[in-house]
Each structure stands twice: as structure tokens, then as C-alpha cells.
Ligand SMILES: Cc1ncc(COP(=O)(O)O)c(C=O)c1O
């Protein structure tokens, strides 16, 4: 039997009839940037997450960069983050000229260890950037409490966590800002790149809006002021029309071109309606794995007050290489997220990053041992069973 690691085509086949009319409508109307599909999607996510503001943008990486800029993170500032994540997390910090400070993680859920955050704080620290890795929420109450005591912002990296919950609240509503990715393989994936920033803070939302569109208009003027610049008012002397919009060409801060386009929004709106069903299916697969997989593997142990969205199902094995090879030989798709912890990436060095403490042994251990098993909503019962049997056969030496 063959079990792919992920099957995007199976998902598309199911919802093709819902997606096609929306895409044709966009092409007919040529409303590619902004417009009703984007606005509707942002509203739908506000309702889904129960958050006041959603700003679509071009990718999860951009969402982080925009979030950091909105928090006024400047070159030389330090931002505390996890050593164990996809590279984009720390890359975004470096992209605004700040220093990622890598903190070790917990062996049970692979998330940043709140016990190790405080010792990483210096007078340069401005924010904490926890990642809900593989869709499992971090211990946010403790992280927020530390941040509050030290006057720091908290920016969630929710790239893998859409639909995850912590103490009954959705990821993306648990800190100052939430940053999501709609990369096609995510639980809510677009037909290309996409992302969004979420917040309950009106001022942060204004700044995100400014930074995602060239620091322009009223949002840009307000951003300048909110971040300590002079109070500016946008000239209203000229009449605004559809064809001539003077606000659009007044730029107050250096921003980006980072928009979620209409085609992505339309696809994501369709998929959002199915998201809870997809995530429930992932949870059911995870349950089968917990029941059926050999205890020779170490499985993640998530806190009872969290509800992961099971973006990935990641186990630890001291025989990682051999296990992955065996799975591949037997037709079971697998992954090794992430083989290199962030602080070991060649792009980072003592000049542009900092490791908190002597070393980060848990992150190193997880990178050396992590094996990702298939977990996607369209998996059949037989495929789930085959994955379990194949993993167990490896340990039985068959
Ligand atoms: C944890 C994490 N952060 C950030 C990103 C960046 O998102 P994107 O690929 O949409 O830029 C990703 C995903 O790719 C991710 O997994």
C-alpha cells in the first residue's frame, strides 16, 4: 500500500465545485487585488477565531515581519523565540534587523520552555515570539505573564496552528498579535502563498494595515505618530474619487507590498467552512496513532487544556534514519521536521543571533529524533492502519 505524506489533490477534488465558480467570478470581474472576496474572508476569520481584526497579507513570513514592525521592533532589539521551528520564524526577526534569541524547548510538546524564557531577557529584549509548533499551543498564560512583568510584546507564530485552542480560546487570539500562514500544505492552505495577522488591538491593526501597503494613507500617518513620530494629518484638500485617491499616494513609513489576493481569499473562504471537519479528522487519526503505535516510540504529550489542530504528528525515535528509510521503502510518506534547529542554521551566527544559556540540548535532541507521520483529513482507515502496522513492524524487526 502507498500512503502519501499529504494528499492535496484528494482535498481539492472534494471541494472543486465550490471553488470553481468563485475563481471564474474573480476572473470575470478582474477584481484581483482587494475587493469583496478579500474583505469577506477577513470577516469570516474574525468570526471563526473570535478576534476583532484580521489583515490578510502575502505569506506567513510577511505576517511575522509586519507584526514585528507594528510592535516597533528595531535593529539591535532582541526578540526571544524558540530554537525549534521552521527557519521563517527567526528569519523574520532578522529581517527587521533585530536579534533572535533562541530558547530551548520542552521534550513533551516541542514548544518553547516558559521556565527558560526569563533568563534570556536583557535590557534589549522587546518581544517574545512563541511558535505553536505542529499546531500544539504553547503555555501562553505563563508566557504572557512573563511578558507583562517585563513590558514585552508577545507575537504568536500561528503558521501551523489554525483552529488550535488553548483554554478554550483559539490560537491567534492569545497574545498581542497572531501571525498565520496559508502555505498550501497548512491545515488551511491556499492555492499559492498567503498569510494574515490577527489582533484585538486597534492601534496594532492600524500599523499592520500601513506596513502591508507601503506605509500609506491615514494608517501610515497614524503609524508614524503611534511609533513616536510627529502627528500627521492626511491632506483632504483634494476630492477623493475612485480614479484619484490622494490618500493612496501619501506615504509615512517604509512598508511593504504584502497583500492577500482575491483568488487566495476565495479558495480560503471555501476551505474555512470545512476546517473544523478537517481538524477533527486529523484529531481522530492522532487518536488512532496513540492507541496503535508501539510504546518504543516517544509520542508528544500535550497539556489537557490545549486542543492541537494536528498540523503534524511528530514522534521521537533514536533510530530516526532507519525508521524513515523503512517507512519510505514500505510506501509510507514521512518527514523530518526540522532536521536543523534554528540556532544551528548556517545563516545565523554570533553577530546576528544569540543562544540563551550554554546550549539548547532539547531542541538538538528533537531535531535528531523527530519523525513526522502522515496526518491529513483524507486518509482512509486502511491507510491509518497501514502506517501503524508499518511503524510497529520496524520495531519488531520484521
Ligand atoms: C512555524 C512557521 N512559521 C512561519 C512560516 C512561514 O510561512 P510562509 O511559508 O507562509 O511564509 C511557516 C511555514 O511555512 C511555519 O511553519
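The values are calculated or read from the model by the stated rules, or taken from the named source; none is laboratory data. This structure is a prediction, so every number in the text was calculated from the model and none was measured. We place every Cβ from the backbone using ideal geometry, glycine too, and count neighbours over all the protein chains shown.
Numbers for the structure displayed
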| quantity | calculated |
| --- | --- |
| Tally of residues being in contact (Cβ under 8 Å) with a residue 40 or more places away in the chain, closer than 22 Å to residue 366 by Cβ and in contact with a helix residue (DSSP H, G or I) (Cβ under 9 Å, 6 or more places away or on another chain) across region 133-166 | 9 |
| Condition check for residue 196: more than 16 Å from the chain's Cα centre (by Cα) and closer than 23 Å to residue 59 by Cβ | no |
| Subset of region 104-127 that is on the phi < 0 side of the Ramachandran plot and within 15 Å of the ligand (Cβ to nearest atom) - its residue that is surrounded by the most Cβ atoms within 10 Å (Cβ to Cβ) | 112 |
| In region 148-164, the residues that are more than 20 Å from the chain's Cα centre (by Cα) and within 12 Å of residue 180 (Cα to Cα) | none |
| Hits in region 210-237 (condition: out of contact with any helix residue (DSSP H, G or I) (no Cβ under 9 Å at 6 or more places or on another chain) and in a helix (DSSP H, G or I)) | 225 |
| Any hit, region 7-16, residues being surrounded by 18 or more Cβ atoms within 10 Å (Cβ to Cβ), over 30 Å from residue 391 (Cβ atoms) and assigned by TED's automatic domain parsing to the domain that holds residue 257 | no |
| Residue ID - nearest to the chain's Cα centre (by Cα), chosen from residues in region 294-312 that are assigned to a loop (DSSP other than H, G, I, E, B) and farther than 27 Å from residue 188 by Cα | 297 |
| Count - residues of region 319-364 that are in contact with a helix residue (DSSP H, G or I) (Cβ under 8 Å, 6 or more places away or on another chain) and in a helix (DSSP H, G or I) | 10 |
| Yes/no for residue 175 being crowded, with 22+ Cβ neighbours inside 10 Å, outside any helix (DSSP H, G or I) and within 16 Å of the ligand (Cβ to nearest atom) | yes |
| Scan of region 49-80 for residues that are out of contact with any helix residue (DSSP H, G or I) (no Cβ under 6 Å at 6 or more places or on another chain) and within 10 Å of the ligand (Cβ to nearest atom), ordered by number | 58, 59, 60, 62, 63 |
| Which listed residue is within 22 Å of residue 62 (Cβ to Cβ) and touching a residue at least 12 places away in the same chain (Cβ under 8 Å), from 92, 120 | 92 |
| Extreme residue, surrounded by the fewest Cβ atoms within 10 Å (Cβ to Cβ), among residues of region 144-162 that are part of a loop (DSSP other than H, G, I, E, B) and touching a strand residue (DSSP E or B) at 6+ places or on another chain (Cβ under 7 Å) | 152 |
| Test: residue 93 is in a helix (DSSP H, G or I), closer than 22 Å to residue 227 by Cβ and either more than 14 Å from the ligand (Cβ to nearest atom) or at pLDDT 95 or above (or both) | yes |
| The listed residue being buried (at least 24 other Cβ atoms within 10 Å of the Cβ), part of a strand (DSSP E or B) and touching a residue at least 24 places away in the same chain (Cβ under 8 Å), out of 196, 207 | 196 |
| Residue match in region 366-380 (condition: part of a helix (DSSP H, G or I) and over 15 Å from residue 84 (Cα atoms)) | no |
| Answer from 27, 23, 64 - the residue that is in contact (Cβ under 8 Å) with a residue 40 or more places away in the chain and over 28 Å from residue 378 (Cα atoms) | 64 |
| Condition broken by residue 394, with the remaining ones in (1) part of a helix (DSSP H, G or I); (2) out of contact with any helix residue (DSSP H, G or I) (no Cβ under 7 Å at 6 or more places or on another chain) satisfied | (2) |
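Here's the yes/no breakdown for (1) assigned by TED's automatic domain parsing to the domain that holds residue 282; (2) within 16 Å of the ligand (Cβ to nearest atom); (3) touching a strand residue (DSSP E or B) at 6+ places or on another chain (Cβ under 6 Å):
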| residue | (1), (2), (3) |
| --- | --- |
| 183 | no, yes, no |
| 186 | no, yes, no |
| 194 | no, yes, no |
| 198 | no, yes, yes |
| 201 | no, no, no |
| 210 | no, no, no |
| 214 | no, no, yes |
| 226 | no, no, no |
